[in-house]
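Heads up: the structure comes next, in structure tokens.
The values are calculated or read from the model by the stated rules, or taken from the named source; none is laboratory data. Predicted, not measured: the structure shown is a model, and the values here were computed from it. Counting neighbours? That spans all protein chains shown, and the Cβs are built from the backbone with ideal geometry, glycine included. Heads up: the accessible areas ignore ligands, DNA and RNA and are worked out on the full protein's heavy atoms, side chains in. Shrake-Rupley method; radii C 1.70, N 1.55, O 1.52, S 1.80 Å.
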Amino acid sequence: MQEALKAENLIHEYRTGKLRNRVLDGFSLSLAAGSFEALMGPSGSGKSTFLHLAAGLVSPVSGSILVGGEDIAAMSDSKAAAFRRRHIGVIYQDFNLAETLTARENILLPARLDGRKPDLDRLESLAERLGVSKALDRRPAALSGGERQRAAVARALYADPEVILADEPTGNLDIAAAHSLCELFSALHKTEKCAILLVTHDPVVAACADKVHFIKNGAVARSCDTCGDPAKVSSAYLETYK
């Protein structure tokens with residue numbers, strides 16, 4: 001099966017003066033086209049760092065990250081930004097919506113930055129499926145947490161990307177909104193035919209994915225099918241980090 005994302009032997013570290021903190025050390029992970037998988041690990045394990053690398057927001061010390069066959073790790077900042085707008089959807093825990101723009105304007109912003117004419121049919125279709133049609137002309141401050149996150153999901157999906165990278169997307173939502181978002185992801189990766197990698201620390205959220213990877217000592221230490229069972233994910237988590 002074709003790979004939507006393939007990371008090989010990534011090394012990344014943060015430097016403060018002479019001190020070096022190696023966060024990823026030989027990290028490798030493959031995400032098949034149309035798959036829905038999760039990445040788990042304790043705080044500071046490198047989950048979000050990997051997502052930032054995969055999105056081309058930062059560059060690794062070494063290693064490669066192929067998205068749709070293109071090595072985003074080898075791109076310049078400007079080329080990576082353009083590639084991200086067209087091929088990668090990123091969803092953040094804090095929504096990352098521009099407060100001065102309406103939900104509609106936020107969803108269309110990447111296309112406008114890319115100099116493309118807005119596809120209003122695509123916008124309306126996504127808004128209807130995500131349940132934010134009535135919220136399109138409101139600014140983020142007038143939206144609920146669930147509406148803001150669904151607007152962020154619509155923005156990530158708008159360009160029909162190969163990969164969606166979701167960084168703790170339920171972290172600022174209540175239980176009901178988090179459950180609704182998980183159900184939405186389960187449906188979207190099938191209807192939109194995009195791969196989704198979900199970073200989370202919550203086994204209930206991870207269980208909505210088909211497979212979960214556990215990161216330890218800067219690399220994937222274990223992977224398993226979730227079978228939709230939070231108890232199985234919790235057991236695997238505890239076994240990995242005992």
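Principal-axis analysis of the Cα atoms of the chain puts helix 145-157 at an angle of about 80° to the longest axis.
In this rough spin-label picture, where each label sits 7 Å from Cα along the Cβ direction, the A221-A74 distance is 3.3 nm.
Couplings for the range 228-234, taken from phi via the Karplus curve 6.51 cos²θ - 1.76 cosθ + 1.60 with θ = phi - 60°, read x, 10, x, 5, 5, 5, 4 Hz in order; Gly and Pro are left as x.
Sort Y241, Y14 from largest to smallest accessible area, using a 1.4 Å probe on the heavy atoms of the protein chains.
Values: Y241 55, Y14 105 Å².
Largest to smallest exposure gives the sequence Y14, Y241.
Divided by 2.2 N^0.38 Å, where N counts the residues, the Cα radius of gyration of the chain comes to 0.99.
A probe of 1.4 angstrom, applied to the heavy atoms of all protein chains, finds C227 with accessible area near 100 square angstrom.
Shown in residue order for the range 104-115 are the 3J(HN,Hα) couplings computed by the Karplus curve 6.51 cos²θ - 1.76 cosθ + 1.60 at θ = phi - 60°: 4, 5, 5, 5, 7, 4, x, 5, 5, 5, 8, x Hz (x for Gly and Pro).
Provide the FRET efficiency to the nearest 0.05 for the V58-R138 pair, computing r from the beta carbons and using R0 = 35 Å.
On the way: r = 33 Å, r/R0 = 0.94.
In this case the efficiency is close to 0.60.
The string of couplings for the range 131-140 from the Karplus curve (6.51, -1.76, 1.60, θ = phi - 60°) is x, 10, 4, 7, 9, 4, 9, 9, 7, x Hz, one whole number per residue in order, with x for Gly and Pro.
Extension gain for R116 to L19 (0.36 nm times residue separation, less C-alpha to C-alpha distance): 30.5 nm.
Ratio to report: Rg/Rh of the range 185-242, with Cα atoms as the point set and Rh obtained by the Kirkwood method; give two decimals. Provide the component values of the computation, followed by the final result.
Numbers: Rg = 11.8 Å, Rh = 11.9 Å.
Over the Cα atoms of the range 185-242, Rg/Rh equals 0.99.
Cβ under 12 Å from V67's Cβ, V67 left aside: what net charge do those residues give with Lys, Arg +1 and Asp, Glu -1? That works out to -1.
Other residues within the sphere of radius under 9 Å centred on the Cβ of Q93, judged by their own Cβ, net out at -3 (K and R +1, D and E -1).
Whole number in Å², please: accessible area per residue of the range 85-242, 1.4 Å probe, ligands, DNA and RNA not counted. Intermediate results must be reported in sequence, preceding the final value.
Numbers: 7480 Å² over 158 residues.
Per residue, the range 85-242 has 47 Å² of solvent-accessible surface.
Within the range 186-213, name every residue whose backbone N is under 18 Å away from a label modeled 7 Å from Cα of S235 along the Cβ vector. Counting only backbone N, you get 203-213. Mind jotting down the distance between the C-alpha centroids of the range 72-100 and the range 107-173, whole Å? Cα centroid to Cα centroid, the span is 14 Å.
Would you please put 19-30, 204-215 in order of how densely packed they are, using the mean number of other Cβ atoms within 10 angstrom per residue and starting with the highest?
Numbers: 19-30: 16.0, 204-215: 22.2.
Ranked from most to least packed, the peptides come out as 204-215, 19-30.
Which number do you get for Rg(Cα) / (2.2 N^0.38 Å) in the range 1-82? Write down the numbers at each step before the final one.
Working: Rg = 13.0 Å, N = 82, 2.2 N^0.38 = 11.7 Å.
Normalised Cα radius of gyration, the range 1-82: 1.11.
Under a cut-off of 20 Å between alpha-carbon atoms, report the aspartates and glutamates in cross-link reach of K117, not counting same-chain residues fewer than 8 places apart. K117 reaches E105, D137, D160. If you find the alpha carbon centre of the range 1-38 and of the range 192-209, how far apart are they in angstrom? So the two Cα centres are separated by 17 Å. Against the main long axis of the alpha-carbon atoms of the chain, helix 120-130 sits at an angle near 70°. Scanning the chain for cysteines with no neighbouring cysteine C-beta under 4.7 angstrom from their C-beta gives C194, C224, C227. Placing +1 on each Lys and Arg Cβ and -1 on each Asp and Glu Cβ, with no other charges, gives the range 42-121 a dipole about its Cα centre of roughly 100 debye.
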